[in-house]
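Report on the structure given below.
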Amino acid sequence: MNLNNLIRKNIKAMKPYSSARDEFKDLKADMVFLDANENPFETTLNRYPDPQQTALKELISKQKELPINQVLLGNGSDEVLDLIVRAFCEPNQDSILTLLPTYGMYSVLAQLNSIENIEVSLSKDFNINVDQVLKQVKPSTKLLFICSPNNPSGNIMDVNAVTRLLKAFDGLVVIDEAYIDFTTIESWMQHLNTFPNLIVTQTLSKAYGLAGIRLGTCYASKEIIAVLNKIKPPYNINSLTQQAAIEALQNNEVSDQVSSILREREKLANALASCFFVKKIYPSDANFILIKVDDANKRYDELLRHGIVIRNRTTQLGCENCLRISLGTPAENKQLLTLLNTLK
Ligand SMILES: *Cc1c(COP(=O)(O)O)cnc(C)c1O
């Protein structure tokens, strides 16, 4: 893999926007700041946020034991994924490859950027057929998206299959680990030094209980991170988000919640097994469970009528009659089970 050949020409040539706060970073310094056309009267939010998010990234870098120049932050991991597509895929020319069924955003990004999305189906139990993937790769294929644990199936992708793809694929492999905190397997982050074409994305939206602040993280080689940094919007992480994330990461107070969700996952899976209309419960390494039922549309409507909203995935490839249920609080899960037991 030659990174230089993967970066879009216009992006290689472009000069990044230099913001006022990039030039003079230290707002605490004893200076008078008349450079950014801000309102000078103190409201705690009158100044632009740190465009490099230094304090937050230093904390993440320390916790993840990864140099700060291998960390990029986005307005949700959705923004990170968008930056990756825009940095490396030439519209109307390049392609990405995705493995179905999976997270819907990859296909949206391909359409948005006018890029072909080569869709390869996962096996019946949602694993990767490596030979089939490699056969479908074209010279124009710049990115391969692997979601692990996968949404909506909930499983982690086989380590050997992913390793083979990392070695054999000439472009970049993006591993979306939005649900990594709900599994015991190690993050692919640990292998960034082995695979220069690896990009790992994570998020504070799921395990950390901070979907509302929109903070996604991206880990890769410093060369890849430098390209993404060059094109990111200057102030993509607002001040409130930076503050809230620092507090949450310092206090690290979600581990009890994650433990509860994991206990509930096992309890719910066991209870679902005795529902007559549940045909299959897929093993989950995430904070949701995918089940196959007798009639997904019917069961979805029944739940909705009783005020419980789940996700109907029946139209997704390989997910006929499948429903995706996020784990709730113990009380919410109990409410769900009580209702399920009354269905006929
Ligand atoms: C929820 C989800 C995301 C989105 O994360 P944000 O950080 O909230 O944008 C990304 N990838 C997958 C697979 C998800 O399920």
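Taken together, the values in this text are just the output of simple stated rules run on the coordinates, not laboratory data. Everything numeric in this text was worked out from a predicted model, so none of it was measured. When we count neighbours, we look across all protein chains shown, and the Cβ atoms used for this are built from the backbone with ideal geometry, even at glycine.
Numbers at a glance
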| read-out | value |
| --- | --- |
| For N129, distant residues with modelled amide H under 5 Å away | S123 |
| With Cα atoms, 0 to 90° folded angle of helix 54-64 axis to the chain main axis | 50 |
| The chain: most fluctuating residue of A331, A20, A226 per GNM, C-alpha cutoff 10 Å | A331 |
| Residues M31, M105, sorted so that the one with the fewest Cβ neighbours within 10 Å comes first | M31, M105 |
| Relative contact order for the range 254-340, counting Cα pairs under 8 Å that sit 6 or more residues apart, in percent | 28 |
| Descending principal axes extents, the range 105-222, alpha-carbon based, whole Å | 39, 36, 32 |
| Those Cys residues of the chain for which no other cysteine Cβ falls under 4.7 Å | C89, C147, C218, C275 |
| Sequence-separation-based contact order of the range 3-251, relative, with Cα cut under 8 Å and 6+ spacing, percent | 24 |
| Net +/- balance of residues flanking I225 in space, Cβ distance below 11 Å, scoring K and R +1, D and E -1 | +3 |
| Bins of 5 Å, starting at 0 and running to the largest distance - Cα pair percent for the range 272-324 | 5, 22, 29, 29, 13, 2 |
| Those aspartates and glutamates that a straight Cα-Cα span of less than 20 Å connects to K334, excepting residues fewer than 8 apart in one chain | D256, E264, E266, D301, E302 |
| Computed lengthening from K62 to V108, 0.36 nm per intervening residue step minus Cα-Cα distance | 13.2 nm |
| Among 144-152, 334-342, the order from most to least packed when residues are scored by Cβ within 10 Å on average | 144-152, 334-342 |
| Cα-centre dipole for the chain with unit charges at Cβ (Lys and Arg positive, Asp and Glu negative), debye to 20 | 760 |
| Among A161, A13, A286: highest mean-square fluctuation, GNM of the chain, C-alpha pairs under 10 Å | A13 |
| On Cα atoms only, tilt of 239-251 relative to the major axis of the chain in degrees | 60 |
| Environment charge of G171, counting only residues whose C-beta is closer than 14 Å and scoring Lys/Arg +1, Asp/Glu -1 | 0 |
| Span from the the range 202-268 Cα centroid across to the the range 282-344 one, whole angstrom | 26 |
| Estimated distance in nm for a label pair at T43 and Q132, the labels positioned 7 Å out from Cα along Cα-to-Cβ | 5.5 |
| Among N287, L340, V200 - extreme Cα towards positive end, dipole of the chain, charges at beta-carbon | L340 |
| Point-to-point label distance, Q250-A168, nm (Cα→Cβ direction, 7 Å offset) | 4.8 |
| Residues of type lysines that K138 reaches as a straight line, Cα spacing below 17 Å, ignoring anything fewer than 8 places off in the same chain | K167 |
| Environment charge of F288, counting only residues whose C-beta is closer than 12 Å and scoring Lys/Arg +1, Asp/Glu -1 | +3 |
| Integer Hz, Karplus 6.51/-1.76/1.60 couplings in order for the range 112-126, x for Gly and Pro | 4, 9, 6, 10, 5, 10, 7, 9, 10, 7, 6, 6, 4, 9, 6 |
| Approximate spin-label separation E332-A13, in nm, with each point projected 7 Å along Cα-to-Cβ | 5.0 |
| Ranked by how many other beta carbons lie within 10 Å on average, peptides 180-191, 165-176, 298-309 from highest | 165-176, 180-191, 298-309 |
| Zero-based 10 Å bins, Cα pair distances in the chain, whole percents | 5, 23, 30, 24, 13, 4, 1, 0 |
| Spatially proximal lysines relative to K15 (Cα-Cα < 19 Å; intrachain offsets below 8 disregarded) | K222, K230, K232 |
| Max mean-square fluctuation residue, GNM over the chain, Cα-Cα springs under 10 Å, options E65, E116, E320 | E65 |
